[in-house]
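The values are calculated or read from the model by the stated rules, or taken from the named source; none is laboratory data. Being a predicted model, the structure only gives us computed values, none of them experimental. Cβ placement follows ideal geometry from the backbone for every residue including glycine, while neighbour counts extend to all protein chains displayed. Note: areas computed on protein heavy atoms with side chains; ligands, DNA, RNA excluded. Shrake-Rupley method; radii C 1.70, N 1.55, O 1.52, S 1.80 Å.
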Amino acid sequence: MTEPIRVVVVDDHPVFREGFAALLGSIPDVEVLATASSGEEAVAAVEAHRPAVVVMDVQMPGMDGVEATRRIIGAHPETGVVVLTMSEEDATLLDAVRAGARGYLLKGAEPDEIVRAITTVAAGGVVFGAVLATRVVEFMARPRAADTEPFPELSAREREVLDLVAGGLTNGQIAARLYLSPKTVRNHVHAVLGKLQAADRTEAVIRARDAGLGR
């Protein structure tokens, strides 16, 4: 008999998280080692259990799934991450790929498709939904315009938030515009200030506007 695929499930919605974990646990070839409700818990769970695959949500309070993926892959490159999310945004998809995710599926995917993705990633493969795969291929085929974008140290989402900050929007307005929680926006703003080594929001706005953002 082959060893079951060891999995950690990460999602901040308890009903979905526990229901999905129960579904995976009912599959003979999959063993759910733990569940986590945040990026911080995901990093700790991987450290404790060393799964083959992490099924990761993206939009969570505190540390989001992209940053959690980056930290997990940095510490445990042998672990495969399959992102399972509601977000179809190009920025989220590309940030997840850059962070090291080897799978990206939408929550509307059929259970069989998700299980196949877990199996493929556990074997070292890469899986994206059909529409999402097309976007990744198109992005990889584009000229490296990103190298000329301002603040390359920022993720696409962080640059988007900085652009709106520079445009004069409050955190609450940005949250409504991007369909994020105010806490998530605050976390992004804090990350931007840290990466830019800006003393405060005003300094970040000045630098962003000098670089052409916020117009």
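Annotations for the structure displayed:
- For the chain, averaging the sequence separation of C-alpha pairs within contact (under 8 Å, six or more residues apart) and dividing by the residue count gives a relative contact order of 14 percent.
- 10 °C / 1.306 mPa s Stokes-Einstein diffusion coefficient of segment 48-131, Kirkwood radius on C-alpha pairs, µm²/s: 126 µm²/s
- Shape category assigned to the chain from the gyration tensor of Cα positions, a/c cut at 1.5: prolate
- Relative protection proxy for 60-67, 195-202, 25-32, 150-157, from highest mean packing down: 60-67, 150-157, 25-32, 195-202 (other beta-carbon atoms within 10 angstrom).
- Inter-centroid distance (Cα atoms) of segment 74-108 relative to segment 11-26, Å: 18 Å
- For F128, solvent-accessible area (1.4 Å; no DNA, RNA or ligand), Å²: 50 Å²
- Considering only H190, I73, G214, the residue lying farthest towards the positive end of the dipole of the chain is G214, judged by Cα position with unit charges set on Cβ.
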